[in-house]
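Everything on this sheet refers to the single structure shown next.
The values are calculated or read from the model by the stated rules, or taken from the named source; none is laboratory data. It should be emphasised that the depicted structure is a prediction, and the values quoted were computed from it without experimental measurement. All Cβ positions, glycine included, derive from the backbone under ideal geometry; neighbour counts span all protein chains shown. Heads up: the accessible areas ignore ligands, DNA and RNA and are worked out on the full protein's heavy atoms, side chains in. Shrake-Rupley method; radii C 1.70, N 1.55, O 1.52, S 1.80 Å.
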Amino acid sequence: MKFVAKDVQIEIMSLDDFARRADAKIKQIKEGKTAEFEGKKLVFPSLDILRKVLTPKRIQMLRVIRANNPSSIYELAKLLKKDRRNVLKDLRYLEGTGLIEVKKDSKPKSERRNLIPTVSFSRIVVGIPI
């Protein structure tokens with residue numbers, strides 16, 4: 001599988017600023033104007049919360065998935081030298097943020113189907129307003 005180099009953008013923004021930006025986009029749409037969207041962007045209300053989500057271990061997990069394309073959670077756990085249950089917990093958490101996607105493989109339904117984690121970006125760009 002060949003990956004296209006893509007960035008995922010993360011921005012630190014207060015909830016009030018986020019609401020104001022969303023309201024402005026909705027207003028543009030209601031007025032019949034084209035609302036420009038900047039692509040995939042995750043917004044966190046503080047740097048502390050971002051640090052809780054993107055821990056060094058989770059960043060390592062993203063790198064291992066990207067570099068090795070594991071065909072199952074079991075294989076990923078072996079690559080990380082971690083317990084499968086703990087890996088699954090972090091995978092589900094990262095999936096909830098939109099940073100990874102977990103798909104079922106395409107084996108026939110009579111066989112056990114593996115969950116395959118994927119990362120579709122090559123870089124995380126963090127914007128911190130000052």
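Below, the figures for the structure above:
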| quantity | calculated |
| --- | --- |
| Net charge of Cβ neighbours under 15 Å - reference Val53; Lys, Arg +1; Asp, Glu -1 | +3 |
| Helix-derived mean residue ellipticity, 222 nm - over the chain, DSSP H n ≥ 4, -39500 (n - 2.57), to 500 | -13500 deg cm²/dmol |
| Nitroxide proxy distance, nm - points 7 Å out along Cα→Cβ at Lys6 and Glu95 | 1.8 nm |
| Within the chain: Cβ-based charge dipole about Cα centre, in debye rounded to nearest 20 (Lys, Arg +1; Asp, Glu -1) | 660 debye |
| Carbon plus sulfur fraction of accessible area for the chain, probe 1.4 Å, in percent | 53 percent |
| Which label in (i) 25; (ii) 29; (iii) 39 gives the computed percent of Cα pairs over 25 Å apart | (iii) |
| Charge tally in the Cβ shell below 12 Å around Ala77, where Lys, Arg are +1 and Asp, Glu are -1, Ala77 excluded | +3 |
| Stretch gain in nm, segment Arg63-Asp105, where the contour uses 0.36 nm per residue and the Cα spacing is subtracted | 13.0 nm |
| Lys/Arg +1, Asp/Glu -1 at C-beta; the chain dipole; positive extreme among Gly32, Ile128, Leu91 | Leu91 |
| Surface accessible to a 1.4 Å probe, Lys25 within the full protein complex, Å² | 40 Å² |
| Residues Ile49 and Lys82, FRET efficiency given R0 of 30 Å [Cβ-Cβ distance, rounded to 0.05] | 0.80 |
| Percent antiparallel among DSSP beta bridges (both partners in the chain, rounded to 5) | 30 percent |
| Global geometry of region 19-91, whether rounded, prolate or oblate, following the gyration tensor of its Cα atoms and the 1.5 cut on a/c | prolate |
| Table column - 3J(HN,Hα) (Hz), region 90-96, Karplus curve with 6.51, -1.76, 1.60, x for Gly and Pro | 5, 4, 4, 5, 5, 5, x |
| Amide H within-cut-off set for Glu11, under 5 Å, with H built and near neighbours excluded | Leu42, Val43, Phe44, Gly127 |
| Contour excess over end-to-end distance, with Cα ends at Lys25 and Ile124 and 0.36 nm allotted per residue | 33.2 nm |
